[in-house]
Amino acid sequence: MPALRARRHREGSGSLNIAALTARALQARLPARHRLRPVRTRGTRARVPWRVGGVVAVTALCSIAYPAASAAVAPDRFVAGAGVVERAPVDGDLFAAGGSVDVEAPVAGDAIVAGGTLRLDAPVGGSTYAAAGSLSLAGPVERNARLAGGHVRVEPSARIGGNLTVAAGRAELRGDVDGSFVAAAGSVLIDARIGGDADVTAGSISLGPRARIDGSLRYRSDEPLQRDPSAQVAESVERPHAAFAREDVRRSMRGLGTVLWVLWTIGLTLLAAIVVALVPRAAATIAASLRQRPGLSLAVGFVVLVCTPIVVVLSLVTVIGIPLGLTLLLVYLMLLPLAWVAAAIGIADWIVSLLPSDSAGTVTRRVVATALSVVLLALASSAPWVGGWIAAVALMAGLGTLALQLRALRAG
């Protein structure tokens, strides 16, 4: 794999102290050809709607781990930070996560982006996969687009060369789509041309004056279709019966769950890669602890996983214990994805140990192995019958390892 290519960036104001310490540690321990440098950021506070809280929580954890970091594995680019503005053209795929993300430069490959506030202004040569509390797509997409968010808006300047799929609280389609359009949302507005069929499930559906559907329109809604007199549908307009509509809703919700699962996995993969790349010594310590004391890690993790919710409930019962209960709940929810990453780091360490000795110690291989481990864990945990047990064991091992490391730090 080609070496990591450094890019010159400027660190934004308001960075956390831990970021500076992490950057200095990286500069001291990594060879120059593997070093990461801060990207240009801008200090913004994103307001994240609850509809995509699970996905955006991952980006928040990325910001805590390192407020602004960029890495390039030629020709792809990985970027994460509290506020990310991408102004340099990307020759391959773009992976970006942050509190706010603005993509202002062309992307030759796919764009995989998640954030609290997200705006895509530049052309994308491949497909776009994006999730945010507020999402605006203003640039053309050569292939397909899969979008999820609280408010998703496809601007008139955008054009989707393939198919468009949207899951949102509120969806507005004002840019043309050459292929088909599928949406599940609280409200949907179609005010653009759709080259294929449109399949919409929503509380309310509107066709604006610029709406032109070259195929058929199939919709499910409790409210009548609101159609402007100038709107055109070339083929049929269908509204399935209630029984079929409920089945379609269940199918749409399963599809939405799959989209969120994919985006959640992408976020965890980015988080794991950033942790291994920026703090390799800490990652190696976690892997060594999990390898040397697996039984103790599982036992401690079981106690943390099971007993913490009980303590939270007992604390919330009393008025005095409410602040403690809420604090414990917040810490517990933040530790769960970190525990998953810790378990993946342990698996990645085992994978790297199987490689030839001359390449087993490189940071690049450890980053790739960790990202692969996150994906493998996600796939294994979704398997029928045994998936839940695999997820529980991974969480217990990760939580136990983190707890043992925190105890060692306090003792030291």
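Quick note: the coordinates plus some simple rules give every number you see, no bench work behind them. If you're wondering where the values come from, they're calculated on a predicted model, not measured in any experiment. Counting neighbours? That spans all protein chains shown, and the Cβs are built from the backbone with ideal geometry, glycine included.
Descriptive notes on the structure:
- In terms of packing, defined here as the mean over residues of other Cβ atoms within 10 angstrom, the peptides 292-305, 104-117 line up highest first as 104-117, 292-305.
- Area projected by the alpha carbon convex hull of segment 287-350, averaged over all directions, nm²: 4.4 nm²
- Förster-model FRET efficiency, 45 Å R0, I322 and Q232, C-beta, rounded to 0.05: 0.20
- Here segment 192-243 and segment 346-412 have alpha carbon centers that stand 47 Å from each other.
- When the Cα atoms of segment 353-412 are aligned to their principal axes, the ranges along those axes come out at 39, 36, 15 Å in descending order.
- For R159, the residues 5 or more places off, or on other chains, whose built amide H falls under 5 Å of its own are V141.
- Over segment 216-370: Rg over Rh, Cα atoms, Kirkwood Rh: 1.21
- Overall form of segment 74-180: oblate. Here a/c, set by the Cα gyration tensor axes a ≥ b ≥ c, is 1.5 or more, and a/b is not larger than b/c.
- FRET efficiency, 1/(1 + (r/R0)^6) with R0 25 Å, evaluated for V331 and A282 via beta carbons: 0.85
- Per-peptide average of other Cβ atoms within 10 Å, ordering 210-216, 308-314 highest first: 210-216, 308-314
- Note, ³J(HN,Hα) from phi for segment 310-316, Karplus 6.51, -1.76, 1.60, rounded to Hz, x at Gly and Pro: 5, 5, 4, 4, 4, 5, 6
- Computed from the C-beta positions of R293 and D91, the FRET efficiency with R₀ = 41 Å rounds to 0.40.
- Radius of gyration (Cα atoms) of segment 306-412, expressed as a multiple of 2.2 N^0.38 Å: 1.33.
- Over segment 172-290, the alpha carbon radius of gyration divided by the compact-protein estimate 2.2 N^0.38 Å works out to 1.55.
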